[in-house]
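My questions all concern the structure below.
The values are calculated or read from the model by the stated rules, or taken from the named source; none is laboratory data. Here the structure is a predicted model, which means the values were calculated and not measured. Cβ sites come from the backbone with ideal geometry, for glycine too, and all protein chains shown count toward neighbours.
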Amino acid sequence: MSRIPTTWLLCAAGVAGLACTAGCGGSGGSGSSGGGQASASVSSGSQPSGAGASSATAPGRSAAEALAGTLNSPPGTAPVVTFKATGLFSATGTVTLKRCSLSNHYRCIADPDLALGPDVLHLKYGRSMFTQFQEASSCNGSYANRMPYTITGGTGAYAGASGHGTAEIEFVGTFQKVNGKCDFGGQAKPITGSARLSYGAHGPVTLPPAASASSGA
């Protein structure tokens, strides 16, 4: 079973499990630009002519949000994983990943922005915790990168968004045997068709009033 919590994998295929902790490292960065939800954008304008001059501003809406997506047979360079977002808002988006190092099979964030249709959600990722599982009998390998994130805003329907949570990237595959032993080395390639790459994230998010309404939450 995958280490990504079941609630994250709302629309994603299952992946192999994880075990022994391998260590920590750094990953991630601050967001800049991308795509996003196709619904109406946040706006601020004048009150209708019949409205009072000092009406109260409605509070933003907050709720849990879960993202989950899987890419089969991912390319070695800059794979793009498509995910489903459900919770406060529902959308389909993409995240761009990369190999953390050529000496291992862990994947990291290449672009911290989540593209959601024409809009984007800006994320800043924290320190990674790397976990791996390697099974000698089947040559199955699983490599996970778990990290905290903070939502630092967005564009369009996600302008002014805030929140936080935990994201996890997991790469799994079956490797060849060399001289009777599984080759899990960083330069080893999984058997064709066996590799899968998943991205999941879960945490509370707050959208401004106009964004909450436009995203259908």
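Find all pairs meeting these conditions: Cβ atoms under 8 angstrom apart; at least six residues apart or on different chains; first residue within region 127-148 and on the phi > 0 side of the Ramachandran plot; second residue in a strand (DSSP E or B).
139/174; 139/177; 139/182
Residue 15 passes all but one of (1) at pLDDT 95 or above; (2) surrounded by 14 or more Cβ atoms within 10 Å (Cβ to Cβ); (3) out of contact with any Gly (no Cβ under 7 Å at 6 or more places or on another chain); which number fails?
Going through the list (1) at pLDDT 95 or above; (2) surrounded by 14 or more Cβ atoms within 10 Å (Cβ to Cβ); (3) out of contact with any Gly (no Cβ under 7 Å at 6 or more places or on another chain), residue 15 breaks only (1).
Hey, can you tell me all the residues within region 66-102 that are small (Gly, Ala, Ser), surrounded by 20 or more Cβ atoms within 10 Å (Cβ to Cβ) and in a loop (DSSP other than H, G, I, E, B)? Break it down into steps so the answer makes sense when it comes.
Taking region 66-102 as the starting set, the residues that turn out to be small (Gly, Ala, Ser) are 66, 68-69, 73, 76, 78, 85, 87, 90-91, 93, 101.
Of the ones still in play, those that are also surrounded by 20 or more Cβ atoms within 10 Å (Cβ to Cβ) are 66, 68-69, 85, 91, 93.
None; the set is empty.
Only one of 207, 197 is of a type in the set (A, V, I, L, M, F, W, C), farther than 19 Å from residue 99 by Cα and crowded, with 22+ Cβ neighbours inside 10 Å; which? Don't jump to the end; show me each part of the working.
On the way: 197 fails: farther than 19 Å from residue 99 by Cα.
None of the others qualify; the one that does is 207.
Search region 87-101 for residues that are among the hydrophobic types (A, V, I, L, M, F, W, C) and pair each with any residue that is surrounded by 21 or more Cβ atoms within 10 Å (Cβ to Cβ) and outside any loop (DSSP other than H, G, I, E, B) when their beta-carbon atoms are under 6 Å apart and the residues are at least 6 apart or on different chains.
88/65; 88/205; 91/85; 91/116; 95/81; 95/114; 95/199; 97/107
Can you give me the number of residues within region 172-189 that are outside any loop (DSSP other than H, G, I, E, B) and out of contact with any strand residue (DSSP E or B) (no Cβ under 8 Å at 6 or more places or on another chain)?
Initial filter on region 172-189 (outside any loop (DSSP other than H, G, I, E, B)): 172-174, 177-178, 181-182.
Within this subset, residues satisfying the condition of being out of contact with any strand residue (DSSP E or B) (no Cβ under 8 Å at 6 or more places or on another chain) are 177-178, 181.
The total comes to 3.
Further question: Test residue 162 against the criterion of being within 19 Å of residue 78 (Cα to Cα), of a type in the set (Ser, Thr, Tyr) and in contact (Cβ under 8 Å) with a residue 12 or more places away in the chain, and give yes or no. Full working, then the answer.
Values: within 19 Å of residue 78 (Cα to Cα): no; of a type in the set (Ser, Thr, Tyr): yes; in contact (Cβ under 8 Å) with a residue 12 or more places away in the chain: yes.
The answer is no for residue 162.
With the structure loaded, tell me whether residue 192 is assigned to a strand (DSSP E or B), touching a residue at least 12 places away in the same chain (Cβ under 8 Å) and surrounded by fewer than 19 Cβ atoms within 10 Å (Cβ to Cβ) or whether it fails that test.
Numbers: assigned to a strand (DSSP E or B): no; touching a residue at least 12 places away in the same chain (Cβ under 8 Å): yes; surrounded by fewer than 19 Cβ atoms within 10 Å (Cβ to Cβ): yes.
For residue 192, the condition - assigned to a strand (DSSP E or B), touching a residue at least 12 places away in the same chain (Cβ under 8 Å) and surrounded by fewer than 19 Cβ atoms within 10 Å (Cβ to Cβ) - is not met.
Follow-up. If I filter region 138-146 for residues that are closer than 22 Å to residue 60 by Cα, modelled with pLDDT of 95 or more and among the basic types (Lys, Arg), do I get at least one hit?
Our first condition is that a residue be closer than 22 Å to residue 60 by Cα; within region 138-146, this holds for none.
Scanning region 138-146, I find no residue that is closer than 22 Å to residue 60 by Cα, modelled with pLDDT of 95 or more and among the basic types (Lys, Arg), so the answer is no.
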